[in-house]
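Colleague: My questions all concern the structure below.
Where a number appears in this text, it was derived from the coordinates with a stated rule and is not lab data. These numbers come from a predicted model, not from an experiment. Positions of Cβ are generated from backbone atoms using ideal geometry, with glycine treated the same way; all protein chains shown enter the neighbour counts.
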Amino acid sequence: MDMQPKQPVAGSGQADLRDLTPSQLSDYIVDLGLPVSRAKQIFARLHRPGVFDFSQMGISREVTALLASHATMSSLTPAAVEKSADGTEKFAFRLADDAMIESVLIPEDGRHTLCISSQAGCAMGCGFCLTGGQGFTRNLRPAEIVGQVLAVMNHMVANGIKRATPRELLNNLVFMGMGEPLANYDNLLAALTILMDDHGLGFSERRITVSTCGLVPRMDDLGRDIRVNLAVSLHAADDAVRSRLMPVNKTYGLESLLAACRRYPLGKKKVILFEYIMLKGINDSLADAHLLAEKLQGIPSRINLLPYNGSGETEYACPDEAQTLAFQKVLREAGFNTFIRQSRGADISAACGQLAGKG
Ligand code: SF4
């Protein structure tokens, strides 16, 4: 891996301004003795690609000096970028404490989706997932979550991708990288607030999807606190199978998970995305498909079937294509929008469940 200098951090007790939500930043700016009207300008300039220190923000010398003497501004620079044959790019970031995280940029028909990590490692221990196998290192700070977006935007601009505004560089942000986003709830919420603020990058709610393995109380919190799309990693319609694949199911079983989905506040024409990794002989029978259709009755749903990408590092295998198609047919006939999604970037270990942050 190409070694880069460590990322700058909020060191020596100074606030990292990229950790702060707009209202926190306003309070901070006022505490520094500046008028509150300055806060919006500073927030806007902080969340632009190509800005790595206060001198690049285009604000007055006095304010630049004041901020630089009291605060820091962290940013991420990729330690390595790998490109798949299908155009998918995987970014590895080494954080200040040497923790490694990864983000994945997925181009499709001129559009770009960025898959973001919310934790270094993951404590959820899903059996088919390399991140889970690696264990948990720590939660990411808001600046480290937002920093992935800005770093990838910087990379895109450096590679000649031009859009009228920075927000148009990335069409969708999906929290499906390393970690369970809802297990890092407060920092996730702060990062979403920063990413969605109109004075910053201004991502709209329909362009952000948060994926969870099923932390039921936090799903309720998310529905109450912010509007974003919800994805649920379901992977089985039977408690025994799901508990075997995903230890979280022993705490929040299918009944409570699906009840939380039913009460999740969805906007008009909105659905919950259910992800279902297809594992040969485990959860891929037609009886499983019928059970899944039965369990999801009444929930506005879209189902993505993800044939397991068979990294060879777990006990699982991918079903035959015919089996996956037959499974899809059962769900479609039951009225569910169901798609088979081939994992992208498998040759660079960027596919679903392959992110392991190897240093
Ligand atoms: S699938 Fe998601 S929640 Fe499960 S171990 Fe992997 S990263 Fe964690």
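Colleague: Semi-axes of the equivalent ellipsoid of segment 78-212: what are they in whole Å, largest first, if each equals the square root of 5 times a C-alpha gyration tensor eigenvalue?
Modeller: 23, 18, 14
Colleague: Among Gln148, Met178, Gly132, whose Cα sits farthest toward the positive end of the charge dipole of segment 67-207 (+1 at Cβ of Lys/Arg, -1 at Cβ of Asp/Glu, about the Cα centre)?
Modeller: My answer, from the dipole projection, is Gln148.
Colleague: Oh, and also: Based on Cβ point charges of +1 for Lys and Arg and -1 for Asp and Glu, what charge dipole magnitude is obtained for segment 49-101 about its Cα centre, in debye rounded to the nearest 20?
Modeller: 100
Colleague: Here is a further query. Translational D (Stokes-Einstein, µm²/s) of segment 15-72 at 4 °C and 1.567 mPa s when Rh comes from the Kirkwood sum over C-alpha pairs?
Modeller: Taking Rh from Cα pairs, D becomes 115 µm²/s.
Colleague: What distance in nm separates the two pseudo spin-label positions at Gln14 and Gln41, each 7 Å out from Cα along the beta-carbon direction?
Modeller: Computed distance between label sites Gln14 and Gln41 equals 2.1 nm.
Colleague: Treat segment 156-251 as a sphere of radius equal to its Kirkwood radius over Cα pairs and apply Stokes-Einstein at 25 °C in a medium of 0.890 mPa s; give the translational diffusion coefficient in µm²/s, rounded to a whole number.
Modeller: D = 163 µm²/s.
Colleague: May I pose another question? At 1.567 mPa s and 4 °C, plugging the Kirkwood radius over alpha-carbon pairs of segment 100-149 into Stokes-Einstein gives what diffusion coefficient in µm²/s?
Modeller: The estimated diffusion coefficient comes to 108 µm²/s.
Colleague: If you count, for each residue, the other Cβ atoms within 10 Å and average over each peptide, how do 261-273, 204-216 line up from highest to lowest?
Modeller: With the highest mean Cβ count within 10 Å placed first, the list reads 204-216, 261-273.
Colleague: Related question: State the volume of the convex hull built on the alpha-carbon positions of segment 216-322, expressed per residue in Å³ and rounded to an integer.
Modeller: Roughly 115 Å³ of hull volume per residue.
Colleague: Quick one: if the Förster radius is 22 Å, what FRET efficiency do Gln297 and Phe339 give, using the C-beta to C-beta distance and rounding to 0.05?
Modeller: E between Gln297 and Phe339, to the nearest 0.05, is 0.70.
Colleague: Could you pull out every residue, at least 5 positions away or on a different chain, whose amide H is within less than 5 Å of the one on Thr137? Hs are placed 1.01 Å off N in the peptide plane, and Pro or chain starts have none.
Modeller: Close amide H contacts, sequence-distant or interchain: Ala120, Gly121, Cys122.
Colleague: In whole Hz, what ³J(HN,Hα) sequence does segment 232-245 give by Karplus (6.51, -1.76, 1.60; θ = phi - 60°), x for Gly and Pro?
Modeller: Couplings: 10, 7, 8, 6, 6, 10, 10, 4, 5, 5, 5, 5, 5, 7 Hz.
Colleague: Collect residues whose amide H, placed 1.01 Å from N in the peptide plane, falls under 5 Å from the amide H of Ala79; neighbours closer than 5 in sequence don't count.
Modeller: Under 5 Å from the amide H of Ala79: Ala92, Phe93, Arg94.
Colleague: Another question, then. Compute the Rg to Rh ratio over the chain from the alpha carbon atoms, using the Kirkwood formula for Rh, and round to two decimal places.
Modeller: 0.99
Colleague: Sticking with this one: Between Phe136, Phe175, Phe93, where does the largest GNM mean-square fluctuation fall for the chain, given springs only between Cα atoms within less than 10 Å?
Modeller: It is Phe136.
Colleague: Now a separate question. Just how many pairs of Lys in segment 80-348 have C-alpha atoms closer than 29 Å, counting pairs that are eight or more places apart or on different chains?
Modeller: Summing the qualifying lysine pairs gives 16.
Colleague: Among Thr212, Ile340, Ile272, whose Cα projects farthest towards the positive end of the dipole of the chain, with charges put on the beta-carbon of Lys, Arg (+1) and Asp, Glu (-1)?
Modeller: Ile272
Colleague: If you put +1 on each Lys and Arg Cβ and -1 on each Asp and Glu Cβ, how big is the dipole of segment 15-72 around its Cα centre, in Debye rounded to 20?
Modeller: For segment 15-72, the charge dipole is close to 260 debye.
Colleague: So what are the ³J(HN,Hα) numbers for segment 195-210, from phi and the Karplus equation (6.51, -1.76, 1.60; θ = phi - 60°), rounded to whole Hz, Gly and Pro as x?
Modeller: Karplus-based 3J(HN,Hα) across segment 195-210 equals 5, 8, 5, 5, 7, x, 7, x, 6, 7, 4, 6, 9, 10, 10, 9 Hz.
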